[in-house]
């Protein structure tokens, strides 16, 4: 019941903006921006006093709702009839059919998001793990951890999940943050399409393009953050275009600044993807305002800083940099170490190649095609004189996606959408009528620039395809406008239908959270899917081999009445399932902390309350390839712990 309080705030904010004369789609984006701003402020302020607890969250959200409802009714009293946009849209029957297809996709993803638990690898190791530490600590302050990604990576998406988790008492709503972001992005894309010249049909087509992105469908039911940052970038780009197209006002400037700040607070790739649009915004404003542009720059910088000040301060304190860019301190190095034209070309080719793949790669002929393409890419690198696996520009060795990864949220390819983007660029450059639409051409150039900047700055990894999601989302209105301008209406309509139908494999056969099992694996006479697989088992869908050791370790701790547990694990080990399995015993309050931390966050171990933490047991995870006899004891500052239970790779050590 109390978990509805933030939703009530969002709805009332929508009403406020709608009452002020905004169209309903724009009102949704405006409400979301202000809501995100409020959630950030609540989190940071309560965190300072270690007040991130159920009672305080309920009280603050109730207070905010009272204030917002008062503002709403004041606007209703003072409102005069406004000749706003038409309340009815003259949609053709076919456009309505396409929107029904979009609604079906969103509804299906929402169903998966509600039923399936979080089970993405990154979610298990840091997204969800950092949230339970915050809830335990009543604060988002940094703590000692063996995986520093839990600390220095941008946290807004997890802020939102944390509010839902505290107010609902569990993680059943955790996936909805990405799911709502997906729906909001589709809505925002239609508005961007309108700003760059799309008619009603073009706006619908843009929404279809966005809704059917394979990576987006898979991520929409997860607790990753690529769709969340996509949504904030969509808001940012829309209000930039709206401001350039219409009169400038302080309200739009705040929305631009706040959405940019929220995007940055969600994921670091926002700096890259937003830069071309921000640069264009200032260039065009300098033309009109001259040196008065400094006022806009200062205002935007102030709002962005206010949103990120808590995060920047925590990083500055521990990692000596607001963005924690020193790889020696974070143990993660995402940026290229060398820059040259051949290396840029290499990264462009390798990043595009991540989307050359369809789920039927496993068939003999298509598998051969895949091998030929990969071989040609390697030959091309030889011609360029660039090592395809150069560690200065590569995180993991190069390979094209396989049939086993194309239905997974970490490596899915957007092949059809890539083809549409290439065709749209070709049509836009070759057709005089489209070249004359300056906003369309400039918009397309800015999105291409964002992709080139990504390739210039960041190392290649086989997981970059998920980082490309904001690019495909931002390309959707461009594709929608270009293709909707083609004279062959039947062809364009056929493409839209094909996009919706082609999205079904990713909709039904999500490898992590399947509505229908792709392999039709029978177990006890049932097809395994999210409906007939226990929630506990679904946490381990991506690492089935960990299920029994994790359950066995936590059951042993319960039998020993031990709920004060230390973690001796490595970076990127799965931590979150231990919390879930131990919390199943609702009669006990658990306390889990990392021990024997060797990285920079170890300084937090000397602070209260971590220095006083004495676990009754320690859970240790061994490397999977470890063939050596493991240690029979662990020595900590708090004492010596003896191995009492083990099932590779998990061992439990009890206090002597």
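No lab work stands behind these numbers, since they all come straight from the coordinates. Quantities reported herein were computed from a predicted structural model and do not represent experimental measurements. Counting neighbours? That spans all protein chains shown, and the Cβs are built from the backbone with ideal geometry, glycine included.
Quick rundown of the values:
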read-out	value
Sites residue 555 and residue 287, calculated FRET efficiency, Cβ-Cβ separation with R0 56 Å, nearest 0.05	0.25
Bridge type composition, the chain - antiparallel percent by DSSP, nearest 5	65
Highest-first arrangement of 288-297, 255-264, where packing means the average Cβ count within 10 Å	255-264, 288-297
Cα-Cα P(r), segment 1-80, percent of pairs per 5 Å interval	3, 16, 23, 23, 17, 10, 6, 2, 0
Length-normalised contact order of the chain in % [C-alpha pairs under 8 Å, at least 6 apart]	17
Percentage relative contact order, segment 341-485, counting C-alpha pairs under 8 Å, at least six apart	34
Distant alpha-carbon pairs in segment 24-177 (separation over 22 angstrom), percent	57
Taking only Cα atoms of the chain, radius of gyration then Dmax in Å	25.3, 80
Helical mean residue ellipticity (222 nm; -39500 (n - 2.57) per DSSP H run of 4+; nearest 500) of the chain	-19000 deg cm²/dmol
Per-residue Cβ neighbour rank within 10 angstrom, fewest leading, 492, 603	603, 492
Tilt relative to the chain, helix 4-19 - C-alpha long axis, 0 to 90 degrees, to 10	10
Rounded to 10°, Cα long-axis angle of helix 364-384 versus longest principal axis of the chain	80
Evaluated at q = 0.10, 0.12, 0.19, 0.21 Å⁻¹: base-10 log I(q)/I(0), Debye formula over Cα of segment 209-310	-0.30, -0.43, -0.94, -1.08
Descending semi-axes in Å of segment 341-485, equivalent ellipsoid built from Cα gyration tensor	27, 19, 14
Ranking of 271, 641, 239 by count of other Cβ atoms within 10 Å, fewest first	271, 641, 239
Taking 163, 138, 408 and counting other C-beta atoms within 10 Å, the order from fewest to most	138, 408, 163
Stretch gain in nm, segment residue 368-residue 90, where the contour uses 0.36 nm per residue and the Cα spacing is subtracted	95.2 nm
Acute angle (nearest 10 degrees) that the helix 250-266 long axis makes with the longest principal axis of the chain, alpha-carbon atoms	40
Sites residue 136 and residue 114 - FRET efficiency at Förster radius 22 Å, r taken between beta-carbons, to 0.05	0.30
